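J.: Quick one: structure below, then a few questions.
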Amino acid sequence: MSKALPSEVGAGSREENASKLKSEYDVAVVGGGLLGSAIAWGLGRLGKRVAVLDEGDITKRASRANFALVWVQSKGLGMPAYTVWTLRASEAWGRLASELKQQTGLDVSLQQNGGFHLTLGDDEFGQRTELVKRMHNQTGAADYKMEMLSASEVKKSLPLIGPEVSGGSFCPLDGHVNSLRTFRAFHTGFKEFGIDYFPEQPVSAISKSGGEFRLTTPKGELRAAKIVLAAGNANQTLAPMVGLYAPMGPTRGQIVVTERTMPFLPHPLTTIRQTDEGTVMIGDSKEDELDDRALKHSISAVMTDRAQRMFPHLSRLNVVRSWAGIRVMPQDGFPIYDQSETHPGAFVACCHSGVTLASNHAFEIARMVAQGALEPELVGAFSASRFGGTGAANNSGY
Amino acid sequence: MFKRSEQDKRPQLQIFVDGVAVAARQGDTVSAALLASGRDARRSTAVSGAPRLPYCMMGVCFDCLVTIDGVGNRQGCLVPVAEGMQIEIQKGKREIGK
Amino acid sequence: MIVAPKREDYDVVVIGAGPAGLAAAATSAEAGLSTLLLDENIGPGGQVFRAISSTPVTERNQLGADYWVGADLVQALRASNAEVIHRATVWSLDRNLEIAVSIGGASAFVKAKRVILATGALERPFPIPGWTLPGVMTAGAAQTMLKSSGLVPDGRTVIAGQGPLLWLLAAQILRLGGRIDRILDTTQRGNYFASLPHAFAFLTSPYFIKGLTMMREVKAKVQVVSGVTELSASGDGQLANVSYVAGGKRETIPADLLLLHQGVVPNVNLAMSAGVEHRWDDLQLCWSPLLDASGNSSVAGIAIAGDGAGIGGANAAVVRGRIAARAAVEALAPAAAAKLAPMAALRADLAKAERGRVFLDTLFRPSQQFRIPAGDTIVCRCEEVTAKDVLDAVAIGATGPNQLKAYRRTGMGPCQGRLCGLTVTELMAQARGKTPQEIGYYRLRAPVKPITLAELAAVPKSEADIKAVVRG
């Protein structure tokens, strides 16, 4: 569906942006990261008039700190519905990648030829074997063919593994993608779909009157018939403004990245992957500390030490950057998708796996929001009602 | 592109560039020795394969990247030459294990 | 020979052995403080006094008297008890004054009571079409080769840009028998008028006569074209031609070597990664740290001296080094400060050394067209991102350098933004109708220089660190 092309948001004048703020939208998406962008793009794809409200250059952005796996294995222990949801996303990713390519010309370098989780030593191999068993025994979960492999079996696919690798689990559905390019593709797609992107406009208040939502930003008020809260951990603060609940338990993760190298790693691992550009990303820690400016080199040391024990050749590569990011993490680790009973038309979406689930967000969640109601058979399990007001332990498999 | 001053009385030493013996002076950096050698010392970038030579010679631009004694992506402008040093001009991305 | 630091704790750690670092370390050690000087280069001197202890250029007049001042500073340092380590790359400095330094492929960790950053300056990016071609270098690069290896250009050589260093380099090349075919002076004509109000200070500064003499020396031997308003390099995989416009007339000349220079800017990476607050300097068109009169930064215990504190030149750098070191001594061992030159005298020295600086900054303020490129001119050399790419990203919502990284990878290569950061900030500011201060800069983090993965992996780790990483 075509629409008048929006004038340039980024380069536009303040007056122009201010006048846009007076106009009406079918949906306002709060949050312009991967999750909000996927939903907004999906809504634009359905011909909706969409505004995306985002923060500025420096804010906690998981979208530019993530590890970019499209990952299935070990997800969903304790919530079979999450396994099913993840599998659906994995299957739909190819379609998302090709639609983005067609629309924007950008190849997001999706690779889904299976992924490994490698173990070092016998103890880790034993623990992983246990986990795989528990996953298989979980009733109601879809089977995603995760299997344990011996070191010699792993070596057939990953010839450069070191002698300390005791084996690992393999899932043929796992993959990875260039997540920064995916982010750029969504935002490039916004233009095509006539979606208005408003950076530097964090939402401080939301109210509903006269049948529409009013969102307060530093540059004025924006009105929309529906809203989707996709502001990551900030959803915890925004959700209660419209009768929703999004209990979050963020953690910090560190990632180390090397210089560009000739391709050597044909499959992604849970903690090591080679990007299409050639850099090697090594992750990732899980810390309670929530300052994303500070780095603990001792934690990077554990990550890189494990990486070089898995692939001894890595030891000579140069580390060019490292960073810490704050994970968007619902309190029990599973996604939250919910709709407001007190404020019909208000939705909340937050999850840790904004990359893996991007296809679901673009296709399914966007479709449901456009229709005006979430479908219980697809996402009923992810309602925040499961918290019953108290946080459950995080055992999402991450 | 560059020539040596006649007053340069530093001792000579020999390095090898892609296997070919090249004269250098004690105190030269690898990059200076390469530029003084008159050889084609252009590397090609890891991104597009575009040819480059050292740009800043003070350790900030990373256009002097070179393989030294089997170790890739070293900043040639910060490493002094040593007798018998093996230099390889890098083409494209570094190979793992190098 | 690989030498690790002798201790784990020091009163003062000075980073960088240029004019400021040499003076700071000598002053601190002279007062009896345990002092460690870490420097990335092969020998002392930084850029200004590059290869001061080893240069093959023995005819002293060729490099000039200002260069040999460095020898006295090195002598003073060697006479002190300061511990000095060269080829030592500091890759991390944090708010707790913990320093990680890579020496010979292994990292050492030291803690300081005071850190004096003397990381100096680097040449301002000069992003013209073709500036990545082999054969295009900075003037500073040529000067480094001249000082440390006695190398001078012998092919068809063009020097382009502006500022005192450009004329000094040209004079040095000529004195050593090197070749310069043409000098293209990009000084904006309007700057001559703008700088007039500051001329008196300059005329009475030591720079004036020296500068004038040097320009005369060069102009007697080389064709100098002034008022250059456009500049580009071209060639197929190698520089072949330099093209320029002066007085509305375009000319293209064949060239083997193009040396570019339009001033120097503070090297901010280490300071910014430590969290030191910087602000945009509208006159010098760069980021400078917020400092008090003794060079103390916004991070307690970290002082900055030399050109890293804002461009002031070598003489000012030496005095700022002494001031920062004296302030450290006053804080850590007040009684010992009596041995040192009084602060009032140092401040007077600094005022003298800074005389004429505003004139130079105004006269040699680089023109917009040489700072803010357009079209397919490369902005980020590492990731090969063009000006148009940056503008395209702004058009789809990039608000600042950090979002731009997400869209285009600028600043994500090994140089970590050193060669593109200023250009990106100014380009985005222009495109968005904002000030550079509003646009901001890359968030920088350790390692500020690459280290090997094995080196990072060898950092000591605790059980808690392992628990934070290993999970089923």
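The values are calculated or read from the model by the stated rules, or taken from the named source; none is laboratory data. Only a predicted model underlies this, so the values are computations on that prediction, with no experimental measurement involved. Backbone-built Cβ (ideal geometry, glycine too); neighbour counts: all protein chains shown.
J.: If only one of C:Ala142, C:Ala160, C:Ala194, C:Ala170 is more than 14 Å from chain B (Cβ to nearest Cβ), buried (at least 23 other Cβ atoms within 10 Å of the Cβ), touching a residue at least 12 places away in the same chain (Cβ under 8 Å) and not in a strand (DSSP E or B), which one is it?
T.: C:Ala170
J.: Could you look through the stretch B:1-51, keep only residues that are at the interface with another protein chain (Cβ under 8 Å from one of its Cβ atoms) and touching a Ser or Thr at 6+ places or on another chain (Cβ under 6 Å), and pick out the one that is modelled with the lowest pLDDT?
T.: Across the stretch B:1-51, the extreme among qualifying residues is B:Gln7.
J.: Next question, about the same structure. Return yes when C:Leu332 is surrounded by fewer than 24 Cβ atoms within 10 Å (Cβ to Cβ), closer than 27 Å to C:Pro164 by Cβ and either among the aliphatic types (A, V, I, L, M) or touching a residue at least 60 places away in the same chain (Cβ under 8 Å) (or both) and no when it is not.
T.: For C:Leu332, the condition - surrounded by fewer than 24 Cβ atoms within 10 Å (Cβ to Cβ), closer than 27 Å to C:Pro164 by Cβ and either among the aliphatic types (A, V, I, L, M) or touching a residue at least 60 places away in the same chain (Cβ under 8 Å) (or both) - is not met.
J.: Moving on to the next point. Could you check the stretch A:107-160 and list, in sequence order, the residues that are among the hydroxyl-bearing types (Ser, Thr, Tyr) and either more than 19 Å from A:Arg309 (Cα to Cα) or surrounded by fewer than 17 Cβ atoms within 10 Å (Cβ to Cβ) (or both)?
T.: The answer is A:Ser109, A:Thr129, A:Thr139, A:Tyr144, A:Ser150, A:Ser152, A:Ser157.
J.: Pick out the one residue from A:Leu100, A:Leu87, A:Leu77, A:Leu96 that is part of a loop (DSSP other than H, G, I, E, B) and in contact (Cβ under 8 Å) with a residue 24 or more places away in the chain.
T.: A:Leu77
J.: Taking the condition of being closer than 11 Å to C:Pro460 by Cα and of a type outside the set (Asp, Glu), how many residues in the stretch A:297-307 meet it?
T.: Summing the residues that are closer than 11 Å to C:Pro460 by Cα and of a type outside the set (Asp, Glu) in the stretch A:297-307 gives 6.
J.: Now, a different point. Could you run through the stretch B:75-98 and say how many residues are surrounded by fewer than 20 Cβ atoms within 10 Å (Cβ to Cβ), in contact with a helix residue (DSSP H, G or I) (Cβ under 8 Å, 6 or more places away or on another chain) and either not in a loop (DSSP other than H, G, I, E, B) or not aliphatic (A, V, I, L, M) (or both)?
T.: 3
J.: Next question. Could you look through the stretch C:212-250, keep only residues that are polar (S, T, N, Q) and in a strand (DSSP E or B), and pick out the one that is nearest to C:Leu169 (Cα to Cα)?
T.: Among those that are polar (S, T, N, Q) and in a strand (DSSP E or B), it is C:Gln223.
J.: Could you tell me whether C:Ile15 is closer than 28 Å to C:Leu168 by Cα and away from chain B (no Cβ under 11 Å)?
T.: yes
J.: Can you tell me how many residues in the stretch A:357-376 are part of a loop (DSSP other than H, G, I, E, B) and surrounded by 24 or more Cβ atoms within 10 Å (Cβ to Cβ)?
T.: 1
J.: Next up: Going by what's in this entry, would C:Ala464 be described as aliphatic (A, V, I, L, M), over 26 Å from C:Val264 (Cα atoms) and at the interface with another protein chain (Cβ under 7 Å from one of its Cβ atoms)?
T.: Against the criterion (aliphatic (A, V, I, L, M), over 26 Å from C:Val264 (Cα atoms) and at the interface with another protein chain (Cβ under 7 Å from one of its Cβ atoms)), C:Ala464 does not qualify.
J.: Of all residues in the stretch A:116-167, how many are on the phi > 0 side of the Ramachandran plot and either outside any helix (DSSP H, G or I) or touching a Leu at 6+ places or on another chain (Cβ under 7 Å) (or both)?
T.: Total satisfying the criteria: 3.
J.: If you take the residues in the stretch A:210-240 that are of a type outside the set (Val, Ile, Thr) and in a helix (DSSP H, G or I), which one is nearest to the chain's Cα centre (by Cα)?
T.: A:Gly232
J.: If you don't mind, another one. Please go through the stretch A:241-269 and give me each residue that is within 14 Å of chain B (Cβ to nearest Cβ), aliphatic (A, V, I, L, M) and not in a strand (DSSP E or B), ordered by number.
T.: Of everything in the stretch A:241-269, those that are within 14 Å of chain B (Cβ to nearest Cβ), aliphatic (A, V, I, L, M) and not in a strand (DSSP E or B) turn out to be A:Met262, A:Leu265.
J.: Quick one: which residue in C:Lys434, C:Lys405 is outside any helix (DSSP H, G or I), among the basic types (Lys, Arg), on the phi < 0 side of the Ramachandran plot and within 11 Å of another protein chain (Cβ to nearest Cβ)?
T.: Answer to the check: C:Lys434.
Here is a yes/no grid of residues against (1) at the interface with another protein chain (Cβ under 9 Å from one of its Cβ atoms); (2) small (Gly, Ala, Ser); (3) surrounded by fewer than 23 Cβ atoms within 10 Å (Cβ to Cβ); (4) in contact with a Gly (Cβ under 8 Å, 6 or more places away or on another chain):
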site	(1), (2), (3), (4)
C:Ala71	no, yes, yes, no
C:Ile99	no, no, no, no
C:Val110	no, no, yes, no
C:Ala121	no, yes, no, yes
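J.: So which of A:Gln201, A:Gln274 ends up being within 30 Å of A:Gln103 (Cβ to Cβ), within 14 Å of chain B (Cβ to nearest Cβ) and crowded, with 19+ Cβ neighbours inside 10 Å?
T.: Every option except A:Gln274 fails the conditions.
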